[in-house]
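Report on the structure given below.
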Amino acid sequence: MPKTATLKIDDKELSLPIIIGTENERAVDISKLRAETGYITFDDGFANTGSAQSNITYIDGEQGILRYRGYPIEQLAEKSNFIETAYLVIHGELPTPEQRTHFSSLLTQHAPLHQGMTRLFQGFPPAAHPMAVLSALMNALGCYYPHLATNNHQRDLEHFEEAVAIAISKVRTIAAHSYRISRGLPLNHPKRSLNYCDNFLHLMFSEPYNDYVATPEVASALNLFLLLHADHEQNCSTSTVRMVASAGANLFASVSAGVNALWGPLHGGANMAVIEMLKSIHADGDDGTKFIAAAKSGKGDRLMGFGHRVYKNYDPRAKIIKTSFYKALASLGIKDDPLLNIAMKLEEVALSDDYFISRKLYPNVDFYSGLIMRALGIPEEMFTVMFAIGRMPGWIAQWHEVARNPKLKIYRPRQIYAGHPQRNYVPTNLRG
Ligand code: ACO
């Protein structure tokens, strides 16, 4: 294995170090390129750029591998739960029983919102998008806990444990409150007796005199959904969190920026797009056959929830969530749902049709997670919010990695300027 790569530019030859990761991923270190040659690299969309050395998540898209802190996602999905996995993702190790109990008690303690924050919801119009509300309120946490949001990483890190509990616990309360307020429903208060997922379902769906009690299958489907979304290395929202953190910004400001990036339809919106696609197929009186034919011909829309930029064999998260999805459906007694029937038809075709097989287009996690959210009664505009709740541990861990880096440099990419060359100011009367 070479330790350096050689780059020849003009008549200059440059020796560039090779960096090798734990799993033998290789990168050419070009950090001295500009200083030594005046050139920069150009990588539109960063598809070939390693922006960080990170210890959190490992993905091998070719082989369908996803690991958090070295643990295979399959093992965590089977043996762990969202809160324990969140601890692992953030702190790097599975918690001891004492650490686990302490973490849970901090989450319980921080579940309710400050009364001032509860009043903030009233300032938004009822039709406000829950992602806009979530981003605003996650950032506002810094106003209510200023000692955790000093914008001095060293000082913020002294209170990291408290900030983690506040972010993970309150994101759930904020999400549920924004849903209830958008529907004109009275707010529910978190219950000490309920675990994280059951509490979220209670906050969302309990009504006065009628507590919502989730079946174990439903709570477990939600738990799995959140666990499977806990981190996914340097995607758009995570890179955003790291970028904001690199300027020295506090945890709440940084994860609030992550929420905004996730809101973009190219990132967090695919699970919602799956349901919209199923509805439009149903409205056309199609069972999926016409839609698939149009997608294959390249004239119609793509099948939402199929294919993945990174996973080219299968999405390991989709494999896991599929089983839980069917269990949740059975426990909810959902059998003959027209959208579900269409979804099953699409899945069947995609797994057997040569067009999809040859292009390695498998159902991805969004295909099943959209269906799970719908089965749980989560309204579509909340799907991306659910993704944000799940991704919170990953954003926190990535913020932490940046904030505690003693050699931290602000993220500041370069560009190739392609605008006008220098020109002189034109007075108003000479324009047009
Ligand atoms: N339906 C039908 N055909 C598809 C689909 C699809 N969902 N996805 C890719 N193809 C076809 C393309 O038309 C292309 O065909 P061709 O070789 O005949 O031209 C071939 O498969 C390769 O497509 P690319 O766009 O090069 O694949 P890429 O890896 O760049 O795209 C992506 C991945 C964006 C996820 C794509 O598969 C897609 O658009 N899927 C639907 C949207 C979706 O589900 N997104 C969620 C992704 S998961 C996540 O973000 C958490």
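What to note about this one:
- The single residue among GLY38, GLY92 that is out of contact with any Ser or Thr (no Cβ under 8 Å at 6 or more places or on another chain), surrounded by 13 or more Cβ atoms within 10 Å (Cβ to Cβ) and at positive phi turns out to be GLY92.
- Boolean, GLU380 is open to solvent by 50 Å² or more (accessible area, probe 1.4 Å) and more than 14 Å from the ligand (Cβ to nearest atom): no
- Condition met for ASP29 (loosely packed, with under 12 Cβ neighbours inside 10 Å, of a type in the set (Asp, Glu) and over 18 Å from the mean Cα position of the chain (by Cα)): no
- Only residues that are within 24 Å of LEU106 (Cβ to Cβ), in a loop (DSSP other than H, G, I, E, B) and open to solvent by less than 70 Å² (accessible area, probe 1.4 Å) were counted across the stretch 192-225, and they come to 3.
- Subset tally (residues that are touching a Ser or Thr at 6+ places or on another chain (Cβ under 7 Å), open to solvent by 30 Å² or more (accessible area, probe 1.4 Å) and within 28 Å of ALA343 (Cβ to Cβ)) for the stretch 226-280: 3
- One residue alone among LYS191, LYS279 is more than 30 Å from LYS345 (Cα to Cα), basic (Lys, Arg) and modelled with pLDDT of 95 or more, and that residue is LYS191.
- Residue within the stretch 263-276 that is free of Cβ contacts under 8 Å to residues at least 40 places away in the same chain and away from the ligand (no atom under 14 Å from the Cβ) present: no
- Residue ID - nearest to the ligand (Cβ to nearest atom), chosen from residues in the stretch 281-309 that are at positive phi and open to solvent by 30 Å² or more (accessible area, probe 1.4 Å): GLY298
- In the set (1) surrounded by 14 or more Cβ atoms within 10 Å (Cβ to Cβ); (2) part of a helix (DSSP H, G or I); (3) not hydrophobic (A, V, I, L, M, F, W, C), the condition left unmet by GLY116 is number (1).
- Scanning the stretch 162-178 for residues that are within 23 Å of ALA247 (Cβ to Cβ) and charged (D, E, K, R) yields a count of 1.
- Selection of the stretch 338-376 for residues being away from the ligand (no atom under 12 Å from the Cβ), touching a residue at least 24 places away in the same chain (Cβ under 8 Å) and open to solvent by less than 40 Å² (accessible area, probe 1.4 Å) yields LEU339, LEU340, ILE342, ALA343, LEU371, ILE372, MET373, ALA375, LEU376.
- Top-ranked residue in the stretch 310-337 [being under 24 Å from LEU226 (Cβ atoms) and not in a helix (DSSP H, G or I); ranked as farthest from the ligand (Cβ to nearest atom)]: GLY333
The values are calculated or read from the model by the stated rules, or taken from the named source; none is laboratory data. Quick caveat: nothing in here was measured; it's all calculated off a predicted structure. Here the Cβ is made from the backbone with ideal geometry for all residues, glycine too, and neighbour counts use every protein chain on show. Ligands, DNA and RNA are stripped out before the accessible areas are found, and what is left, the full protein with its side chains, is counted by its heavy atoms. Shrake-Rupley method; radii C 1.70, N 1.55, O 1.52, S 1.80 Å.
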